[in-house]
Amino acid sequence: MAAIDFLVFVALTVLSLSLLLPEARANSEGDALYALRRSLSDPDKVLQSWDPNLVNPCTWFHVTCNQDNRVTRVDLGNSNLSGHLVPELGKLEHLQYLELYKNNIQGSIPAELGNLKSLISLDLYNNNISGRIPPSLGNLKSLVFLRLNDNQLNGPIPKSLASISTLKLVDVSNNNLCGPIPTTGSFEHIPLNNFENNPRLEGPELQGLASYDTNCS
């Protein structure tokens with residue numbers, strides 16, 4: 001009889017954990033998004049529905065989830081937001097679209113965004129983002145669209161980006177990037193005007209003839 005009671009206890013424990021785990025994951029995603037909210041100034045109150053006391057963030061405005069209540073999309077473009085990005089965004093492992101264009105976001109791009117293995121589109125253009133493009137973005141093997149134009153980015157274009165076979169569009173124009181433009185892999189068919197107005201860019205990389213990081217810091 002004791003053995004039967006023990007088996008029932010184990011079965012109930014497993015069932016409870018299976019029910020709690022999705023909620024725990026949803027809560028961790030809510031925590032990550034709420035960390036973003038805390039880092040942003042929101043005069044138009046577009047983030048007013050981002051209540052950390054709710055079970056998951058799937059009912060928040062500007063957030064889209066899949067059928068498993070995992071966050072797949074954050075749409076906050078042209079929302080009059082200012083502040084900075086947070087490393088916690090790297091915990092949104094099912095995120096496919098991160099849309100934060102046309103705001104006044106400052107600071108750097110967190111290296112943790114390279115953990116977003118499901119990301120298809122990263123749109124941070126028309127902000128005031130500074131610092132370097134993290135080489136960790138080369139880990140985004142599902143990325144198709146990378147738009148970082150019209151910011152204050154500096155340093156080289158990470159060569160790791162050229163290894164993303166899915167990448168179809170890269171726009172880093174109107175920054176302060178330096179060094180040569182990659183010409184291999186996914187960069188082979190990116191038009192040169194997507195790199196324009198970076199006074200310190202040295203033109204397309206010359207394979208075997210120039211050091212990649214020449215005069216770029």
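The values are calculated or read from the model by the stated rules, or taken from the named source; none is laboratory data. Please read all numbers here as calculations on a predicted model, not as lab measurements. FYI the Cβ positions are ideal-geometry reconstructions off the backbone, even for glycines, and counts take in every protein chain you see. Ligands, DNA and RNA are excluded from the accessible area calculation, which covers all protein heavy atoms including side chains. Shrake-Rupley method; radii C 1.70, N 1.55, O 1.52, S 1.80 Å.
What number of residues in the stretch 154-210 are among the hydrophobic types (A, V, I, L, M, F, W, C) and more than 19 Å from the chain's Cα centre (by Cα)? Steps first, answer last, please.
Here is the first cut: in the stretch 154-210, the ones among the hydrophobic types (A, V, I, L, M, F, W, C) are 157, 161-162, 164, 167, 169-170, 172, 177-178, 181, 187, 190, 192, 195, 201, 206, 209-210.
Remaining after also requiring more than 19 Å from the chain's Cα centre (by Cα): 177-178, 181, 187, 190, 192, 195, 201, 206, 209-210.
Total satisfying the criteria: 11.
Suppose we keep only residues that are at pLDDT 95 or above and of a type in the set (Asp, Glu) within the stretch 41-60. Which one would you say is least open to solvent (accessible area, probe 1.4 Å)?
Step by step, filter the stretch 41-60, then rank; the result is ASP42.
If ARG37 passes every condition in (1) touching a helix residue (DSSP H, G or I) at 6+ places or on another chain (Cβ under 9 Å); (2) part of a helix (DSSP H, G or I) but one, which one does it miss?
Of (1) touching a helix residue (DSSP H, G or I) at 6+ places or on another chain (Cβ under 9 Å); (2) part of a helix (DSSP H, G or I), only one is false for ARG37: (1).
When you check GLY83 against the structure, is it at positive phi, in contact with a strand residue (DSSP E or B) (Cβ under 7 Å, 6 or more places away or on another chain) and outside any helix (DSSP H, G or I), yes or no? Even if it seems obvious, please write down each step before you answer.
Values: at positive phi: yes; in contact with a strand residue (DSSP E or B) (Cβ under 7 Å, 6 or more places away or on another chain): yes; outside any helix (DSSP H, G or I): yes.
Yes: the conditions hold for GLY83.
Looking at this structure, is LYS91 without any contact (Cβ under 8 Å) to a residue 40 or more places away in the chain, open to solvent by 10 Å² or more (accessible area, probe 1.4 Å) and either within 24 Å of LEU153 (Cβ to Cβ) or not polar (S, T, N, Q) (or both)?
no
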